Structures are given as C-alpha cells and as structure tokens.
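Take a look at the structure below.
The values are calculated or read from the model by the stated rules, or taken from the named source; none is laboratory data. Note that the structure is a prediction, hence the values are computed from the model and not measured. Using ideal geometry, Cβ is built from the backbone for each residue, glycine included, and neighbour counts are taken over all protein chains shown.
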C-alpha cells in the first residue's frame, strides 16, 4: 500500500509539471516513507510553478463542507451547542458533558463572529524551516493568521515568523506543564500571550474529559484580568468528522496534528490558503540540519500523529492548486 501511495504521489507531480511544461520529474520506486525520498520530491516540486486551480479548490472544499462544515461547526457556539444538551467528547466519545448555563454563556452566539470568509489566510506551523526564512512580512500581510500551540513571535524571530496572530491553538498540556494549570502562574501566562494581541485562543476543551478543566481555566483567567484575547473551543463533532474524513484518505492516527486540523479548516474558511513552517524533516533540501521547531527541538510523541501521511496529503493539495506550501525562504522585498 505504501509503495502504491508513494508511486502515485511521484506520478501525480510528474504529470502536473509535465502539463505545465516545467521541469520533468523522474519516476522512481521507493520502499517506504523515508525522509530522503520526501526531500527529493519536495526538491522536484519546488521546480514547478505553483498555480491556484479554482475548480480543484471548489471541488475539495465541497467535500470538506459535506462531511465537516467548518463554517457552522468549527467552534462550539450557542447555535450548535444547545443549552441542557449532553455533548459527547471527541476522543472519549463514551463520556458526555452537560451544557449548563455557565458553559453555555462561555460560548459565542454564532461561529460567524470570527468574521469569515477570509480572502488570504496564512497557516503558520512551527517547523524549523521557518528560521532564517524572512517570511515574517509576507505572513503579516495576510488577512487572517492562524498559529499553533502558543509559539514565540517576538524579538528577532518575528522577521521570519511574523507578528500578526488572529487565532492560535492552545494545547492544554502546555497550560498544565508550563503554567501549572494556571493555579500560580496566571500573570506569567498573560504576559506571554500579550504578543498575540486581540486574538482568539482555540482550545480542545471537549476532546478529552481531562482537557475540560484546563480549557475553562484559560477562559476564566482571560475574563478575570480583562485580557484582550478570547478563549474559544473546538466543537468535538467537527474534529470527529474531520478525523473520519482524512481516515478515508489514508491518514490513520490516534489524532490529527493541530496544524493539519487548522489547515483543513482554513480551506473552508478562506478563499486562498498558504502554509508556512510545515516541515516534518530534520534537514533542508540542501542537507542542512534544522531543529524540529523553529524555537526548540522537542520531537512529537511517537505514534500519536501520522506526520508522513499528513504531509503526503498536504503535498497533494499543493500540487492540485488547492492551497500553497512555502517550502523555503520567502522573498524579502
């Protein structure tokens, strides 16, 4: 199966480059998802001029809307989460949570308060490829900027990753480990997120039962200190549907990565999507070693995400002109 998927991916990009009379791509066979194999493919893709294909975008967006409907279900709102209902958790799906008056008041009236659809969106991953990329200005020029897991954006790194943030995901494990569940380090937390300005903090409060208390604590802390940021929550139905959608396309993992979730949602919420910092490799195409993240080298938990298969899908979306991936440095003009 892996051999067939890999051969298909190479053949797909060969046809795309050949159709555009660009550089040819040598057809090869590969015995698995090796890093060097993917880097060879990325090198070939970089020689192809990317072109947005509206018909492919519309077709894929319709697929996503039919299954997941981010426009109405991306975040939990009063419209899609009735007062008094029992909501099933995304992963702990045998467990439910009663939507009490207190929880209901935390939710925005409608998902549309985010302001979509957006014209141009940047989804900024945390890959080490962003370091020395000079992509900051380009990212900040986007109408809406998505980020993942509270990454640093201040200081000299901003020239590479930008300063603008409209929405950033928050993994509750960060709140537990770095901020002691906000029991003692509320001020430090608020100081650290100040760089995100008037942004939304998106938390998976209803994915695992263990996430709920930490996610609600973030909400209440922002309220308590009248912070500029606002906490919102993924709707578990959306995440469950999205996981099923990608499972049918071969992405089978315990859980999708935050970046892949956001990139998927962005296709529905934005007319044009560009990904930055999506780079699951330990080196560049020039064989230069890079860290896993642009700010540290902490590797993901083995077996938790299906990174090679996610990246396979991202490359196909890029090749079809549905979204664009920034593979290297940005123009600094």
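Does region 225-247 hold any residues that are in a helix (DSSP H, G or I) and in contact (Cβ under 8 Å) with a residue 12 or more places away in the chain, and which are they? Even if it seems obvious, please write down each step before you answer.
Taking region 225-247 as the starting set, the residues that turn out to be in a helix (DSSP H, G or I) are 236-247.
Matches in region 225-247: 236, 237, 238, 239, 240, 241, 242, 243, 244, 245, 246.
Apart from one condition, residue 220 fits all of (1) surrounded by fewer than 23 Cβ atoms within 10 Å (Cβ to Cβ); (2) assigned to a helix (DSSP H, G or I); (3) within 21 Å of the chain's Cα centre (by Cα); the exception is (3). Among the residues of region 34-53, how many are without any contact (Cβ under 8 Å) to a residue 24 or more places away in the chain and exposed (fewer than 15 other Cβ atoms within 10 Å of the Cβ)? Number satisfying all stated conditions: 2. Exactly one residue out of 130, 114, 150, 202 is free of Cβ contacts under 8 Å to residues at least 60 places away in the same chain and either within 20 Å of residue 227 (Cα to Cα) or assigned by TED's automatic domain parsing to the domain that holds residue 236 (or both), and it is 150.
Would you confirm, using the coordinates I've provided, whether residue 169 is surrounded by fewer than 18 Cβ atoms within 10 Å (Cβ to Cβ) and assigned by TED's automatic domain parsing to the domain that holds residue 144? Even if it seems obvious, please write down each step before you answer.
On the way: surrounded by fewer than 18 Cβ atoms within 10 Å (Cβ to Cβ): no; assigned by TED's automatic domain parsing to the domain that holds residue 144: yes.
Against the criterion (surrounded by fewer than 18 Cβ atoms within 10 Å (Cβ to Cβ) and assigned by TED's automatic domain parsing to the domain that holds residue 144), residue 169 does not qualify.
Restricting region 296-319 to residues that are assigned to a loop (DSSP other than H, G, I, E, B) and buried (at least 18 other Cβ atoms within 10 Å of the Cβ), the residue that is modelled with the highest pLDDT is 306.
Tally the residues that are in a helix (DSSP H, G or I) and more than 21 Å from residue 113 (Cα to Cα), restricting the search to region 248-269. Reasoning before the result, please.
Filtering region 248-269 for residues in a helix (DSSP H, G or I) gives 258-269.
Then keep just the ones that are more than 21 Å from residue 113 (Cα to Cα); that gives 258-260.
Qualifying residue count for the region: 3.
The set of residues in region 248-266 being in contact (Cβ under 8 Å) with a residue 40 or more places away in the chain, on the phi < 0 side of the Ramachandran plot and more than 11 Å from the chain's Cα centre (by Cα) consists of 249, 251, 252, 253, 254, 255.
Helices (runs of 4 or more DSSP H) wholly in region 67-148 with at least 1 residues that are surrounded by 22 or more Cβ atoms within 10 Å (Cβ to Cβ) - which ones?
Details: elements: 70-73, 101-106, 136-140.
In region 67-148, 70-73, 136-140 are the helices (runs of 4 or more DSSP H) which contain 1 or more residues that are surrounded by 22 or more Cβ atoms within 10 Å (Cβ to Cβ).
If we scan region 258-275, do we find a residue that is more than 26 Å from residue 233 (Cα to Cα), surrounded by 21 or more Cβ atoms within 10 Å (Cβ to Cβ) and touching a helix residue (DSSP H, G or I) at 6+ places or on another chain (Cβ under 6 Å)? No: zero hits.
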